[in-house]
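K.L.:
Below are the structure tokens for one structure; questions will follow.
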Amino acid sequence: MTSSNELIKTEDRYGAHNYKPLNVVIERGEGVWVWDVDGNKYLDCLSAYSALNQGHRHPAIIKALVEQAGKLTLTSRAFRNDQLGPFFEELCAFGGYAQAIAMNSGAEAVETAIKLARKWGYTVKGIPRHNAEIIVAGNNFHGRTVTIISFSTEPSYRDDFGPFTPGFVTVPFGDAAAIEKAITPNTCAVMIEPIQGEAGVIVPPPGYLQKVRDACTRNNVLFLADEIQTGMGRTGARFACDHENARPDMMILGKALGGGVIPVSAVLADGALMGLFQPGEHGSTFGGNPLGAAVARAAIRVIQEEKLVQRSAELGEYFQERLVEINSPHVKEVRGKGLLIGVELHESAGGARRFCESLMGKGILCKETHSHVIRFAPPLVMERETIDWAMNPISDVLRGK
């Protein structure tokens, strides 16, 4: 058997160094647990950045994957397949929209939403062609393509990768008045994350999402919600926007839509908006493939049938309460919604990375974000007893034991 150290050396030798992972080499997963090649067991508190809301290798999702793989995996959209129509129907019913378009990665879905918003701006709102602007929030994370990093405010995402795509205006996150002030006749859309995950689990002030919705309505501007990480039950609601009944014009989904098995993303909108796309204007070789569609259908069913939205709300509240009880001089704040939780540390703590490394040594896998925040986002299938088990090692690490 090849050891962890050998596998790490091989990856570092032959792979690009565009990540700085913790030095654990995982070979197996089940539910909320994973095992490394040396046989050590860990609680997964990252869920592949919320792509594993249904847990590792959920039996119903794996069953759908295997059955569909035995029949048909890819046709491209040059032809139709028997899974895509039912997938769209079930996704639209789940999301409350009239139509959907399927892609693969979250970044592809964001790019899709940007294109559709711009076309709406030109053909419906009457913005002069190629002058459309989209308002975004500072400290956003919407993906890694050149267009998307063009409106990032994180230097490490942008430096050395220009020239950048124009047409974006940045305002502070959580400031609805700043959005309204930034709107001009050329504004076609406002695109935000309801909760900023990569920025450190930043929760906006109460009422922010509804104020953004109202500002967009008043000014004839589209409201685009990137719920790639916050959707599919992660925050204790179907979508994070549901907490304020702020219905976006476009809902952008990914990650958990693929059930932690295969990349599946989508954009949801009503018919008048989605109908602007004409044949040949947008597409993807793998987007809407029958394997991904079958898996996504199962992923949606699991969330509904196992009441994972309700479970996330209840367990998230309990998890946060237990974290708040920890008496640690290093902890500045505990925040989040549902099972998307950030523990922000004081700068004097020396960064979150060392705490994540210590937690790994005690059987808990999580990841630092923005240097000083530990993100806890376990699969939604987690049990209360597992939280109770985790609190002792988390408490020990946060208190420096």
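Quick note: the coordinates plus some simple rules give every number you see, no bench work behind them. Keep in mind that this is a model prediction, so the values were computed, not measured. Cβ sites come from the backbone with ideal geometry, for glycine too, and all protein chains shown count toward neighbours.
K.L.:
With the alpha-carbon atoms as the only input, what is the per residue convex hull volume for segment 115-198 in Å³? Don't skip to the end; give the middle numbers.
P.N.:
Numbers: hull volume 7.8 nm³, N = 84.
Given the Cα convex hull of segment 115-198, per-residue volume reads 93 Å³.
K.L.:
What list of ³J(HN,Hα) couplings, whole Hz, do you get for segment 338-351 from phi and the Karplus terms 6.51, -1.76, 1.60, once you set θ to phi - 60° and write x for glycine and proline?
P.N.:
x, 9, 10, 10, x, 10, 8, 9, 5, 4, 5, 6, x, x
K.L.:
For a quick check, take a GNM of the chain with Cα springs below 10 Å and name the residue from 305, 11, 357 with the largest mean-square fluctuation.
P.N.:
Result: 11 has the largest fluctuation of those listed.
K.L.:
Continuing with this model, one more query. With a cut-off of 8 Å between alpha carbons and a minimum separation of six or more residues, what is the relative contact order of segment 263-398 in percent?
P.N.:
Dividing the mean separation by the residue count of segment 263-398 yields 19 percent.
K.L.:
Once you've got the GNM for the chain with C-alpha springs shorter than 10 Å, pick whichever of 124, 190, 261 has the biggest mean-square fluctuation.
P.N.:
Highest fluctuation among the options: 124.
K.L.:
Compute and list, largest first, the equivalent-ellipsoid semi-axes of segment 261-397 from the alpha carbon gyration tensor, each √(5λ) rounded to a whole angstrom. Don't jump to the answer; show the numbers that get you there.
P.N.:
On the way: eigenvalues 277, 69, 42 Å².
Semi-axis lengths for segment 261-397 are 37, 19, 15 Å.
K.L.:
Rounded to the nearest 500, what is the chain's calculated 222 nm mean residue ellipticity when only DSSP H runs of at least 4 contribute -39500 (n - 2.57) each, over all residues?
P.N.:
-10000 deg cm²/dmol
K.L.:
Okay, next question. Once the convex hull of the C-alpha atoms of segment 1-115 is built, how many Å³ does it hold per residue, rounded to a whole number?
P.N.:
Each residue corresponds to 189 Å³ of Cα convex hull volume.
K.L.:
Then there is this: About the Cα centre of the chain, how large is the charge dipole given +1 on each Lys and Arg Cβ and -1 on each Asp and Glu Cβ? Please answer in debye to the nearest 20. Please report the intermediate quantities before stating the final value.
P.N.:
Details: 41 positive and 45 negative charges, 105 e Å.
The dipole magnitude comes to about 500 debye.
K.L.:
Once R0 is set to 25 Å, what does the formula 1/(1 + (r/R0)^6) return for the Cβ-Cβ distance between residue 35 and residue 93, expressed as a FRET efficiency to the nearest 0.05? Please report the intermediate quantities before stating the final value.
P.N.:
Details: r = 37 Å, r/R0 = 1.48.
The value I calculate is 0.10.
K.L.:
While we're here: Tally Lys/Arg at +1 and Asp/Glu at -1 over every other residue whose Cβ is under 10 Å from the Cβ of residue 232; what's the total?
P.N.:
+2
K.L.:
Which are the unpartnered cysteines of the chain, meaning those with no other cysteine Cβ under 4.7 Å from their Cβ?
P.N.:
92, 188, 216, 241, 356
K.L.:
Just to check I understand the Karplus step: with θ = phi - 60° and J = 6.51 cos²θ - 1.76 cosθ + 1.60, what whole-Hz values come out for segment 258-275, glycine and proline as x?
P.N.:
Each residue of segment 258-275 in turn: x, x, x, 10, 8, x, 9, 9, 7, 10, 10, 7, 7, x, 4, 7, 5, x Hz.
K.L.:
Can you work out the Karplus-derived ³J(HN,Hα) for every residue in segment 125-139? Use 6.51 cos²θ - 1.76 cosθ + 1.60 with θ = phi - 60°, whole Hz, and x for glycine or proline.
P.N.:
6, x, 5, x, 3, 6, 10, 5, 10, 10, 8, 10, 9, x, 6
K.L.:
Amide H to amide H, which residues 5 or more places from residue 171 or on other chains are under 5 Å from it, using H placed in the peptide plane?
P.N.:
136, 137, 138
K.L.:
Using a Gaussian network model on the chain with a 10 Å cutoff between Cα atoms, which of 94, 164, 79 fluctuates the most?
P.N.:
Between 94, 164, 79, it is 79 that shows the largest mean-square fluctuation.
K.L.:
Listed highest first by mean packing, meaning other Cβ atoms within 10 Å per residue, what order do 45-53, 133-141, 19-27 come in?
P.N.:
45-53, 133-141, 19-27
K.L.:
Still on this structure, please answer the following. For segment 59-305, what value does the Rg/Rh ratio take when both radii are computed over Cα atoms and Rh is the Kirkwood radius, given to two decimals?
P.N.:
Using Cα coordinates only, the ratio equals 0.96.
K.L.:
If you don't mind, there's one more thing I want to ask. Taking the Cα centroid of segment 212-226 and of segment 153-175, what is the distance between the two, rounded to the nearest whole Å?
P.N.:
21
K.L.:
Still on this structure, I have one more. Would you mind ranking 105, 76, 4 by Cβ crowding within 10 Å, fewest neighbours first?
P.N.:
76, 4, 105
K.L.:
Long-range amide H contacts for residue 381: which residues qualify at under 5 Å (H placed 1.01 Å from N, peptide plane, sequence gap of 5 or more or a different chain)?
P.N.:
55
K.L.:
How big is segment 248-297 by Rg and Dmax over its Cα atoms, in Å?
P.N.:
12.0, 32
K.L.:
If we count other beta carbons within 10 Å of each Cβ, what is the order of 235, 230, 217, fewest first?
P.N.:
By the 10 Å Cβ count, ascending: 217, 230, 235.
K.L.:
Using 0.36 nm per residue of separation minus the Cα-Cα distance, give me the extension gain between residue 285 and residue 60 in nm, one decimal. Don't skip to the end; give the middle numbers.
P.N.:
Details: separation 225, 0.36 × 225 = 81.00 nm, distance 2.63 nm.
Extra length from residue 285 to residue 60 when fully extended: 78.4 nm.
K.L.:
Looking at the chain only, what percent of DSSP beta bridges run antiparallel? Nearest 5 please.
P.N.:
Antiparallel: roughly 65 percent of the beta bridges in the chain.
K.L.:
Of the peptides 169-181, 236-248, how do they stack up when ordered by the mean number of other Cβ atoms within 10 Å, highest first?
P.N.:
236-248, 169-181
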